[in-house]
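The structure under discussion appears below in the form of structure tokens.
Please treat every number below as a calculation from the coordinates, not as lab data. Worth saying up front: this structure is predicted, and the values here are computed from it rather than measured. Backbone-built Cβ (ideal geometry, glycine too); neighbour counts: all protein chains shown.
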Amino acid sequence: MPDEPLLRADAPTFREPWEAHAFALAVKLHERGLFSWREWADALAAQIAAAQARGEPDRGDTYYQHWLAALESLVAAKGAASADELQRTAQAWDRAADRTPHGRPIELRPQDFEP
């Protein structure tokens, strides 16, 4: 019996929409010159290595979590946004998502950014 392919042709590329957004954002920031692909690869490898060093299991569903962490670290390191700005924005998205009914678009409001 031949080996099964690792990925089926009809399998989705991303498990969740946010993964596709993170992917697209990394590509767009590279295109705009914020970082080189070498810097990107190094940042992603560092996030994966750090997770392994902490003993975090690799269940196959953490790749884009590492991707997002690498993206955030590069954005902060390059001065495009501070770590505090990134955290504040993530918290605002969490607040907006909490009040949004399932299946509806999440919309940020000014009050989402208030502490």
- Note on the structure: Between residue 50 and residue 88, the two model label points (7 Å from Cα along the beta-carbon direction) sit apart by a distance in nm of 2.2
- Query: Using a basic spin-label model with each label point 7 Å from the Cα along Cα→Cβ, how many nm lie between residue 62 and residue 106?
  - Reply: 2.2
- Simple label model, 7 Å out from Cα along Cβ direction - residue 80 to residue 98, nm: 2.8
- Sum -39500 (n - 2.57) across every DSSP H segment of at least 4 residues in the chain, then divide by the residue count to get the 222 nm mean residue ellipticity, nearest 500. -18500 deg cm²/dmol
- Hey, what did the chain get for relative contact order, percent, Cα under 8 Å, at least 6 apart? 20
- Query: How big is the chain by Rg and Dmax over its Cα atoms, in Å?
  - Reply: 16.8, 59
- Axial C-alpha extent at least 15 Å, average Kyte-Doolittle at least -0.5 - helices from the chain (DSSP): 17-31, 37-53, 63-77
- Please give the net charge around residue 96, taking every other residue with its beta carbon less than 9 angstrom from that of residue 96, where Lys and Arg add +1 and Asp and Glu add -1. -1
